[in-house]
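Data first, discussion second: the structure below is written as structure tokens.
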Amino acid sequence: MVAATFIAVSTHAMIRHVAENEMHPFQVGFFYNVFTMLIIVPMVLGNGAGFLRTRRHGLMFVRAVLHLASMLLFYVGLTLAPLAAASALTFLAPLFAVLLAAIFLREGFPVRRIIALIVGFTGMLIIVQPGPSALDTGALYFVGAASLWGAVLLIIKILSRTESSATITAWMALMMAPLALLPAIPVWITPSLSDIGWLAAAGFLGAFAQWALTQALRTGSTNAVMPIDFLRLVWGALIGFAIFTEVPDIYTWIGGMVIFGSSTWLAWRERAAAREVVSAKFERSPFSEVKKLNGGQP
């Protein structure tokens, strides 16, 4: 997980380096998706084309469009705001996912979610500092990107009910590269070999970061793994200072900690609530009565 957080922020630095030269963030997004597709698709299809079978092409397409929009907003923000601010505001995505799930999936607004949303969005306001110049700071681009990513997380949750992770990932990679070409055409310039090299490295490392995150969640306890995600803010500050001579202000640190704390607390409470539901169902099941008759032994 530590490696995943460092690599993820490193790719952001590479993308910013290219976007700050002459290449528009929209064209950067196209090349990033092309290289990611060239890495992910062969890995997924290596086990057979059966992974492409799905009946949910429409929802796959919507997911790809929202994912791309989130990515492009994030890349524009990278050219305007410090890396640390980018890392801090991406912690909002799970909170947006909870909000959207409550609205569209009717999952409700228990007190724990209301508290987490209020605290998390307070952290957002601390960082953004709303005012006439808020858009110029790039912070609002990150908020927009996080809200769209929250919608993507919700769609992935819906798709995962019927589709495998490999199928969802393969269709994402296949759809996003062609879609990313459309906004890139009006701002197209001939890329240098140096830019191509940086974007190829970013695409490769981005795919590896996703794999490392998946492995961390698979082999470790979520309660132990997810708090390490806060390192994205630390790496953003360190890499931003080392490469771009950025020094994040105190509001970024405070707001980032508030947002991260609220999303982490909510994730813990959601898992605890889910365990309570399972336990209650077990207590009402016939198996529970058998266990009681056997003195607590199954």
From the list PHE35, PHE6, pick out the single residue that is in a helix (DSSP H, G or I) and under 15 Å from the mean Cα position of the chain (by Cα).
-> PHE6
For residues in the stretch 102-114 being touching a residue at least 40 places away in the same chain (Cβ under 8 Å) and surrounded by fewer than 19 Cβ atoms within 10 Å (Cβ to Cβ), which is farthest from LEU78 (Cα to Cα)?
-> PRO110
So how many residues does the stretch 108-126 have that are outside any helix (DSSP H, G or I) and within 15 Å of ALA267 (Cα to Cα)?
-> 2
So is ASP195 acidic (Asp, Glu), part of a helix (DSSP H, G or I) and modelled with pLDDT of 85 or more or not?
-> yes
Among (1) at pLDDT below 90; (2) in contact with a helix residue (DSSP H, G or I) (Cβ under 6 Å, 6 or more places away or on another chain); (3) assigned to a helix (DSSP H, G or I), where does PRO42 come up short?
-> (2)
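The values are calculated or read from the model by the stated rules, or taken from the named source; none is laboratory data. As the structure is a prediction and not an experimental result, all values here were calculated from the model. Counting neighbours? That spans all protein chains shown, and the Cβs are built from the backbone with ideal geometry, glycine included.
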